[in-house]
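See structure below.
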Amino acid sequence: MKQLKIKSQTSNIKSRVGIIDVVAHDAKTDEAVLVMNEAHAWDGSDAQLRELQERFNAYASFLLDGEMDETHPELAGKKARIEVRCAHIPNARALELLGMIHDQLAFQDIKMEVIVKESKIDN
């Protein structure tokens, strides 16, 4: 993944629902990559999981509703991948939700990967 070209990045805001952290192009796979940074520990609370779901909804809408094509025309028509970059390994409840999200995104031909620091968990 060293060949990612970062196009935009936001600051660390407390509630980041509706904010795409990073939009990039992976030249190796020729995919548009949306990065979701999750620096906090996973507590499995309903509130945390609800926010995670809402963030994924925003990311999927950004891809599916054509907003990415408008704001990043150089990425238009490319396959898409959402990467969740975590500082901590997700707990069981978060992993279950991530698995369900993965399956739903796959129906839309969107890949999803969970990356924990230097380790990668493919969903």
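Bear in mind that the values in this text are calculations on the coordinates, not laboratory data. Quick caveat, the model's predicted, so the values are computed rather than measured. Here Cβ is always computed from backbone atoms with ideal geometry, including for glycine, and neighbour counts include all displayed protein chains.
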Residue list for the stretch 69-97, filter: part of a helix (DSSP H, G or I) and buried (at least 17 other Cβ atoms within 10 Å of the Cβ): Leu75, Ala94, Leu97
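Provide a single number: the residues in the stretch 34-77 that are of a type in the set (A, V, I, L, M) and over 20 Å from Val23 (Cα atoms).
Within the stretch 34-77, the first condition is being of a type in the set (A, V, I, L, M), and the residues that meet it are 34-36, 39, 41, 47, 49, 52, 58, 60, 63-64, 68, 75-76.
Adding the requirement that they be over 20 Å from Val23 (Cα atoms) leaves 41, 47, 49.
Counting residues in the stretch 34-77 that are of a type in the set (A, V, I, L, M) and over 20 Å from Val23 (Cα atoms) gives 3.
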Members of the stretch 19-52 found to be in contact with a Ser or Thr (Cβ under 9 Å, 6 or more places away or on another chain), over 16 Å from Leu98 (Cα atoms) and in contact (Cβ under 8 Å) with a residue 24 or more places away in the chain, listed by number: Ile19, Ile20, Val23
